[in-house]
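See structure below.
The values are calculated or read from the model by the stated rules, or taken from the named source; none is laboratory data. If you're wondering where the values come from, they're calculated on a predicted model, not measured in any experiment. Glycine gets a Cβ as well: all are built from the backbone with ideal geometry, and neighbour counts include every protein chain shown.
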Amino acid sequence: MSDPKTPPPLPAAPVTGPGSPRDVPPLPVQFPIDPATLPGAIRDELEAPDPVALDTASPELRDGLNRCPKCGATDIRHKLGSDVLVCQYCRHEWQGERVEEAFGLGEGLDRLRGTVIASGARDIDAGAASLMSFKCTGCGAEVTINTESAMTARCHWCRHVFGVNEQIANGAVPDAVLPFHIGKEDAVARIRQFVDKRRLFALKAFKEQFTPENVVGVYLPYMIVDGNASAAVSGKGEIKTREYTRGSGNNRKTYYDADVYQVDRRVDFTVDDLPLESSAERGNLDTRVNTNNIINTILPFDTKNALKWNASYLLGYTSEKRDLDVERMRPRLEDQLLSIARAQVAGSVRRYDRGVRWEREQLEVHGTRWVSMYLPVWLYSYHQPGRNGGLLHYIAVNGRTGETMGSVPVQQWKLLLAALTTGTIIESLVLWFLVVAS
Amino acid sequence: MSDDGGLWLLAAGPIGATALYWALYRYYRNTDKSHAFERETTVEAKPVTGSDTLIDTVTGTRETRISGDNVHDYRARVRRDG
């Protein structure tokens with residue numbers, strides 16, 4: 001709930017307005033210009049098929065342990081395309097437990113009150129080290145894991161595998177994990193397909209160095225938030241009552257009469273599984289300095305199928321650590337809840353055919369529930385040199401649904417040339433038309 | 001075709017060039033994309049309530065929309081009361 005004494009500041013959002021992630025994103029497969037009017041080469045790129053996003057549903061899951069429940073071995077791997085863990089020693093297979101049922105996350109959203117924080121989403125202790133050392137139970141050697149980038153390690157001496165499962169206060173261990181379903185080959189194919197649709201004006205160096213095989217599987221930290229809130233908005237709306245023209249010939253002008261209404265709307269709603277980046281760096285969607293909005297776009301994940309934390313799922317993948325606490329993420333949550341409320345009331349003001357200008361808004365958050373999760377993303381990156389260290393372009397594939405989004409650096413002179421050529425052709429047609437008409 | 005009515009057509013070239021540049025730039029760089037949480041999140045809302053009061057009339061305006069229309073700009077924040 002928002003504290004009335006200290007209204008939370010909005011998150012730093014330096015880029016706003018058209019063309020930024022603060023725009024309500026366009027509907028999928030929408031290009032502002034009709035491709036049929038464009039030259040063949042551009043049209044072919046635009047009309048090529050997109051990578052298909054799979055709808056995934058995981059089977060019912062049961063028990064989860066870090067050691068093989070049958071033989072006790074620690075050499076356990078995740079079987080790709082499923083939520084199954086396989087013991088590399090005795091080939092025993094078993095499934096993790098879904099947090100949805102284990103913690104009752106899908107229920108009682110409308111009765112949610114206060115702030116419920118799951119144990120893995122607790123505040124980060126600034127003193128907690130990200131390096132953790134373990135004493136190998138097999139041989140007694142010291143094994144160190146850097147939780148900034150990995151959650152598992154192998155003892156160099158006796159090949160015992162360790163996973164960080166204890167919920168230490170450094171933010172590294174979440175409540176749940178969603179294992180990869182999309183394999184590397186699939187991800188490579190999707191990235192290739194995505195880039196093949198964007199070759200004509202792509203930066204030459206990017207095309208030359210394009211090696212999608214270098215894609216890395218990474219588990220990124222998110223907070224999955226359930227919320228129960230009420231919002232109220234008020235403003236002015238106009239309904240057209242008359243339309244008429246005055247004057248004649250060149251001075252013919254259209255005028256409108258309208259009724260102005262004071263419009264007030266209120267809506268109570270619950271939100272289920274809203275994902276928010278819980279890493280300060282990933283949450284910064286400033287398109288001038290980074291392309292994190294690409295990773296933001298491949299949300300959402302089928303978080304209903306998330307499994308209870310088990311580090312064995314992360315074997316062979318890298319991970320990033322959470323560094324934001326619930327309170328620091330609250331402004332962003334409230335901002336998104338307000339946006340959702342505005343989208344909800346939009347349907348009730350359709351009769352205002354001259355539009356509505358919302359002037360004030362109010363949000364009361366009755367209850368929130370925060371669960372931290374590691375979500376699987378395939379990331380391909382290309383560093384474009386330039387001012388201030390250049391720009392890191394990402395192409396990201398959702399490790400569950402296969403949704404693909406990317407930023408392909410453009411060859412500016414080519415793009416400018418194409419635009420100028422098109423402009424010149426249009427302009428010559430106009431001039432020709434004016435000459436003929438006069 | 002009158003002089004006045006034809007001259008504005010001259011803007012078509014620059015406008016067309018700019019439109020194509022931005023459309024292609026966004027198609028490659030996708031700077032305008034983000035998670036569409038407004039329509040991709042499960043939201044259960046109770047029926048919207050509210051009131052509508054006629055407060056004024058406008059006559060003879062040439063604008064086709066109300067000024068500052070933000071009914072579809074869900075993410076544009078306005079003054080927050082609480």
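Among the residues of segment A:385-417, which ones are more than 32 Å from the chain's Cα centre (by Cα) and surrounded by 13 or more Cβ atoms within 10 Å (Cβ to Cβ)?
Applying the first criterion (more than 32 Å from the chain's Cα centre (by Cα)) to segment A:385-417 yields A:417.
Answer for segment A:385-417, where residues must be more than 32 Å from the chain's Cα centre (by Cα) and surrounded by 13 or more Cβ atoms within 10 Å (Cβ to Cβ): there is none.
Listed here are the residues, each with its yes/no results for (1) under 30 Å from A:Gln362 (Cα atoms); (2) within 8 Å of chain B (Cβ to nearest Cβ); (3) buried (at least 19 other Cβ atoms within 10 Å of the Cβ).
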{"position": "A:Glu208", "(1), (2), (3)": "no, no, no"}
{"position": "A:Val216", "(1), (2), (3)": "no, no, no"}
{"position": "A:Asp226", "(1), (2), (3)": "yes, no, yes"}
{"position": "A:Gly235", "(1), (2), (3)": "yes, yes, yes"}
{"position": "A:Ile239", "(1), (2), (3)": "yes, no, no"}
{"position": "A:Arg246", "(1), (2), (3)": "no, no, no"}
- Out of segment A:358-368, which residues are under 14 Å from A:Gly235 (Cα atoms) and crowded, with 20+ Cβ neighbours inside 10 Å? A:Trp358, A:Glu361
- Query: Condition test on A:Val173, is it part of a loop (DSSP other than H, G, I, E, B), farther than 30 Å from B:Gly68 by Cα and in contact (Cβ under 8 Å) with a residue 60 or more places away in the chain?
  - Reply: yes
- Item | Residues satisfying the stated conditions in segment A:182-196, i.e. in contact with a strand residue (DSSP E or B) (Cβ under 9 Å, 6 or more places away or on another chain) and more than 15 Å from A:Gly399 (Cβ to Cβ) | A:Gln193, A:Phe194, A:Val195
- Task: Being aliphatic (A, V, I, L, M), over 30 Å from A:Ser319 (Cα atoms) and more than 9 Å from every other protein chain (Cβ to nearest Cβ) is the filter here, so list the residues in segment A:248-294 that pass it.
- Result: none
- Task: Check segment A:401-408 and report whether any residue there is within 10 Å of another protein chain (Cβ to nearest Cβ), touching a residue at least 60 places away in the same chain (Cβ under 8 Å) and either of a type in the set (Lys, Arg) or out of contact with any Phe, Trp or Tyr (no Cβ under 7 Å at 6 or more places or on another chain) (or both).
- Result: yes
- Scanning segment A:298-356 for residues that are surrounded by fewer than 24 Cβ atoms within 10 Å (Cβ to Cβ), among the polar types (S, T, N, Q), over 25 Å from A:Ala280 (Cα atoms) and more than 7 Å from chain B (Cβ to nearest Cβ) gives A:Asn305
- What are the residue pairs meeting all of these: first residue in segment A:98-117, first residue over 14 Å from A:Val225 (Cβ atoms), second residue of a type in the set (S, T, N, Q) and not in a helix (DSSP H, G or I), Cβ atoms under 7 Å, and 6 or more apart or on different chains? A:Asp110/A:Asn228; A:Asp110/A:Thr270
- Note on the structure: Within segment B:41-73, restricting to residues that are surrounded by 14 or more Cβ atoms within 10 Å (Cβ to Cβ) and β-branched (Val, Ile, Thr), the one that is nearest to A:Asp268 (Cα to Cα) is B:Val48
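Hey, among the residues in segment A:255-296 that are of a type in the set (D, E, K, R) and within 17 Å of the chain's Cα centre (by Cα), which one's nearest to A:Arg330 (Cα to Cα)? Spell out how you get there, then give the answer.
Applying the first criterion (of a type in the set (D, E, K, R)) to segment A:255-296 yields A:257, A:259, A:264-266, A:268, A:272-273, A:277, A:281-282, A:286, A:288.
Still in the running and within 17 Å of the chain's Cα centre (by Cα): A:272-273, A:277, A:281-282, A:286.
Numbers: A:Asp272: 16, A:Asp273: 15, A:Glu277: 12, A:Glu281: 16, A:Arg282: 16, A:Asp286: 19 Å.
For segment A:255-296, the residue satisfying everything is A:Glu277.
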- Query: If the Cβ limit is 8 Å and pairs must be 6+ apart or interchain, which residue in segment B:21-50 that is within 7 Å of chain A (Cβ to nearest Cβ) and over 17 Å from A:Ile298 (Cβ atoms) pairs with which residue that is among the β-branched types (Val, Ile, Thr) and assigned to a helix (DSSP H, G or I)?
  - Reply: B:Leu24/A:Ile42; B:Val43/A:Ile340; B:Val48/A:Val345; B:Gly50/A:Val345
- Message: Residue under question is A:Arg198, and the condition is that it be modelled with pLDDT under 95, crowded, with 21+ Cβ neighbours inside 10 Å and either on the phi > 0 side of the Ramachandran plot or of a type in the set (Lys, Arg) (or both); does it hold?
- Response: yes
